[in-house]
1. Using amide H atoms built 1.01 Å from N in the peptide plane, name the residues 5+ places from residue 87, or on other chains, whose amide H lies under 5 Å from its own.
2. Just to confirm the filter: which chymotrypsin sites (Phe, Trp or Tyr not before Pro) across the range 61-124 are DSSP coil and have at most 13 other Cβ within 10 angstrom of their Cβ?
3. Of 17/134; 20/84; 17/147; 4/39; 16/39; 17/140, which pairs sit farther than 19 Å apart, going by alpha carbon to alpha carbon?
4. List the residues whose amide H sits under 5 Å from the amide H of residue 36, counting only those 5 or more places along or on another chain, with H placed 1.01 Å from N in the peptide plane.
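Quick note: the coordinates plus some simple rules give every number you see, no bench work behind them. All of these numbers come straight from a predicted model, not from anything done at the bench. All Cβ positions, glycine included, derive from the backbone under ideal geometry; neighbour counts span all protein chains shown.
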Amino acid sequence: MYQKILVPIDGSELSKKAVKQAVAFAKESSAELVFFHAKDIKHFLYDGMEAIFDPNAQTIYEENITTICQAFLDEALSIAQANKVVSQQILVENSTPYQAIIDYAHSHTCDLILMASHGFGALEGIFLGSQTNKVIVLSKIPVLIIK
């Protein structure tokens, strides 16, 4: 039924649960999984503040964020590989994760987006995560929500 499933993850406990359920679902349907994360690196230094801090602080910060994001993508990939599910991982930089998810799914012919109902987002989407809600509303591809 489904051939390519996009699984956006953020490292939260619910996201880890979604990974396990995605792996089981993909194994049953012989689908490929694409573990996806859109990292949002906000510049944490104001103009001119670099003189107060180490001039390499922004680069170090960005490298640390990338390492953290890559670690939970690697964890998801290893779970899929242990279950003999074909999978890949994609890490992009984008300040609007929901849009990055939708754009990737559409441009890479995914036929399902499987994601957690919420993750590390702000309280604005208390019952259904704000990123998840936006994906559901704006995606033309079916979305399966894991609670």
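1. Residues meeting the amide H criterion: 33.
2. Working: sites: 61, 72, 98, 104, 120; in loops: 120.
Qualifying residues, ordered by number: 120.
3. Working: 17/134 21 Å; 20/84 13 Å; 17/147 8 Å; 4/39 22 Å; 16/39 17 Å; 17/140 24 Å.
Check vs 19 Å cut-off fails for 17/134; 4/39; 17/140.
4. Amide H neighbours of residue 36, under 5 Å, 5+ apart: 7, 9, 90.
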